[in-house]
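Report on one structure; see the data block that follows.
The values are calculated or read from the model by the stated rules, or taken from the named source; none is laboratory data. Because the structure is predicted, anything quoted here is derived from the model rather than measured. Every residue, glycine as well, gets a Cβ built from its backbone with ideal geometry; the counts of neighbours run over all protein chains shown.
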């Protein structure tokens with residue numbers, strides 16, 4: 001077996017990144033963890049290691065690159081090893097981690113984003129209420145919400161800042177080391193095929209179960225908002241007006 005391919009998913013919040021983690025982890029000879037660098041928590045999602053050092057948050061925070069090297073070695077039987085980082089976590093990451101993982105050629109980067117910022121922000125607020133401080137999954141499709149307009153404005157700013165942080169880092173990475181995809185690309189067999197090739201998964205190793213991702217965007221999030229008139233009025237004179245009008249018109 002040749003050198004292990006290492007990859008990191010750099011994602012905004014509520015972009016379908018958990019579905020992507022699950023999809024990649026199911027590929028042949030691939031191990032993909034979730035948020036290994038969550039604040040105060042190591043979210044493996046799959047394959048919790050037996051090595052006590054890999055469950056040690058203090059070791060992870062003090063020596064992030066050594067932690068990742070040890071984590072990859074624990075999956076040495078796999079040809080591919082990766083994990084996910086939400087963009088907001090990068091602002092507190094060790095500079096060595098940024099250079100090694102997010103910029104240098106040793107790691108492939110998958111940038112997952114979402115261009116409908118309004119729906120993304122509504123999804124974030126909905127999940128925050130539903131899951132609180134726990135691990136977030138998809139929220140129930142029938143759940144509706146009344147939003148404080150100022151909270152929505154703050155969330156829109158936060159989401160954009162997350163992307164600014166990721167893109168500032170990736171500006172220094174080689175173009176050949178970065179694969180960018182949008183939230184809705186997760187449902188595209190052709191895009192997911194390109195992603196598999198980017199990671200070096202041979203087509204001969206892919207059976208029908210692994211060709212696509214079982215991912216469908218949830219209900220139109222604008223349909224979940226109770227106080228639509230209040231939201232429209234608040235954003236009337238903002239640069240987000242077109243986003244709000246477009247999303248609510250589709251409700």
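Annotations for the structure displayed:
- Residue 31 falls short of the stated requirement of being assigned to a loop (DSSP other than H, G, I, E, B), under 14 Å from residue 82 (Cβ atoms) and touching a helix residue (DSSP H, G or I) at 6+ places or on another chain (Cβ under 7 Å).
- Screening the range 76-90 for residues that are over 20 Å from the mean Cα position of the chain (by Cα) and buried (at least 20 other Cβ atoms within 10 Å of the Cβ) and picking the one that is farthest from residue 108 (Cα to Cα) gives 78.
- Pairs, first at negative phi and assigned to a loop (DSSP other than H, G, I, E, B) in the range 89-109, second modelled with pLDDT under 95 and surrounded by 13 or more Cβ atoms within 10 Å (Cβ to Cβ), C-beta under 6 Å, six or more apart: 91/165; 94/64
- Filter result for residue 72 (within 22 Å of residue 201 (Cβ to Cβ), surrounded by fewer than 21 Cβ atoms within 10 Å (Cβ to Cβ), touching a strand residue (DSSP E or B) at 6+ places or on another chain (Cβ under 8 Å) and touching a residue at least 60 places away in the same chain (Cβ under 8 Å)): yes
Condition check ((1) modelled with pLDDT under 90; (2) in a helix (DSSP H, G or I); (3) farther than 19 Å from residue 123 by Cα) across all residues:
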residue	(1), (2), (3)
200	no, no, yes
204	yes, yes, yes
213	yes, no, yes
216	yes, no, no
245	yes, yes, no
251	yes, no, no
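- Selected residue [under 12 Å from the mean Cα position of the chain (by Cα) and at pLDDT below 95] from 99, 14, 41, 48: 14
- Exclusive hit being in contact with a strand residue (DSSP E or B) (Cβ under 8 Å, 6 or more places away or on another chain), touching a residue at least 60 places away in the same chain (Cβ under 8 Å) and surrounded by 20 or more Cβ atoms within 10 Å (Cβ to Cβ), set 20, 36: 20
- Flag if residue 59 is surrounded by 15 or more Cβ atoms within 10 Å (Cβ to Cβ), closer than 23 Å to residue 192 by Cβ and either more than 17 Å from the chain's Cα centre (by Cα) or in contact (Cβ under 8 Å) with a residue 40 or more places away in the chain (or both): no
- Within this structure, residue 6 passes the test of being modelled with pLDDT of 95 or more and surrounded by fewer than 22 Cβ atoms within 10 Å (Cβ to Cβ).
- Some residue of the range 62-80 being outside any loop (DSSP other than H, G, I, E, B) and over 25 Å from residue 2 (Cβ atoms): yes
- Checked against the criteria, residue 164 does not count as closer than 22 Å to residue 31 by Cα and either modelled with pLDDT of 95 or more or in contact with a helix residue (DSSP H, G or I) (Cβ under 9 Å, 6 or more places away or on another chain) (or both).
- Checklist (1) crowded, with 16+ Cβ neighbours inside 10 Å; (2) under 24 Å from residue 4 (Cβ atoms); (3) in contact with a helix residue (DSSP H, G or I) (Cβ under 7 Å, 6 or more places away or on another chain); (4) at pLDDT 80 or above applied to residue 159, failing item: (2)
- Residue 86 being touching a residue at least 12 places away in the same chain (Cβ under 8 Å) and under 30 Å from residue 245 (Cα atoms): yes
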